[in-house]
Amino acid sequence: MMASATSQMQPVIPPWGSIVLVGVGAVYLVLGTRWPRLFNVLSMTFLGCMLGMVLSPWIPLVQPLVIVIGGVVLGGASAFLRNVAHAVLSAVVLAAVFATLVANCLGEEGYGSYLVLNLSDSSYSTQWRGPDLGRDPILAASLTGLLVGATVAVARVRFSRRLATSAQGAAVILVAFTELAAAVRGPGEVSLATAYPMTLSACWLCLVAIGLIVQRTLEQRDEQWDTEQETIEEGV
């Protein structure tokens, strides 16, 4: 009975939505350090919405309201607690990255299903698929990611901003292309994430490297421009 009443959460993104996601990911990848507070707020708002979706079965409110509240609370807090929010976001991003990379190395054994029960009706549950934190290598990788992300955010703020936005942008772009490929290939075909997990991981690393280089180049140009403007003003 429980198995038959379990629905699996899978992203269902139309082709136009995937194209929009590619644009969003590209903006994160290239312009991540131009408006760091804006990107932090957007990312934390999304994280809050996801947290609200997960916690909604345990909160006596309608699910959309819980999702909105979660996004508003985390997004609003990140607008005021800028450094703290960035440290949390950086830790979460690297934890997810490390856990996913190790899960991809383990193949299908690296992924598991998570059930979120509807407490008002225990015959219904929502199934989430992700890196299996019950496996020691993946749990260790996620904890290491949390520590590394928070440490880098405190010790090297500017590099951490480039890394966090590049990692998110690369992930969004790959998710969008994966969904586009699924739409083109049609239902019933094995997804790219299942068939080529290591290849996608390599593509993600390449995109992150590109993002780091591009953002650093733009920062250097901005610094050079500011220096030239100051020199001109002093000469005048």
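Measure off 7 Å from each Cα along the Cα-to-Cβ vector at W58 and V20, then give the distance between these two points in nanometres to one decimal.
Calculated label separation equals 3.1 nm.
Could you sort 211-221, 93-103, 46-56, 170-180 so that the peptide with the highest average Cβ count within 10 Å comes first and the rest follow in order?
Ranked from most to least packed, the peptides come out as 93-103, 170-180, 46-56, 211-221.
Per-residue accessible area for W58 at 1.4 Å probe radius, Å² rounded to 10?
130
What's the ranking of 162-168, 59-65 by average number of surrounding C-beta atoms within 10 Å, highest first?
162-168, 59-65
Sorted by accessible area with a 1.4 angstrom probe, largest first, how do Y28, Y196 fall?
Y196, Y28
The values are calculated or read from the model by the stated rules, or taken from the named source; none is laboratory data. Source: prediction; values computed, not measured. Using ideal geometry, Cβ is built from the backbone for each residue, glycine included, and neighbour counts are taken over all protein chains shown. Side chains included, ligands, DNA and RNA excluded: accessible areas come from the protein's heavy atoms. Shrake-Rupley method; radii C 1.70, N 1.55, O 1.52, S 1.80 Å.
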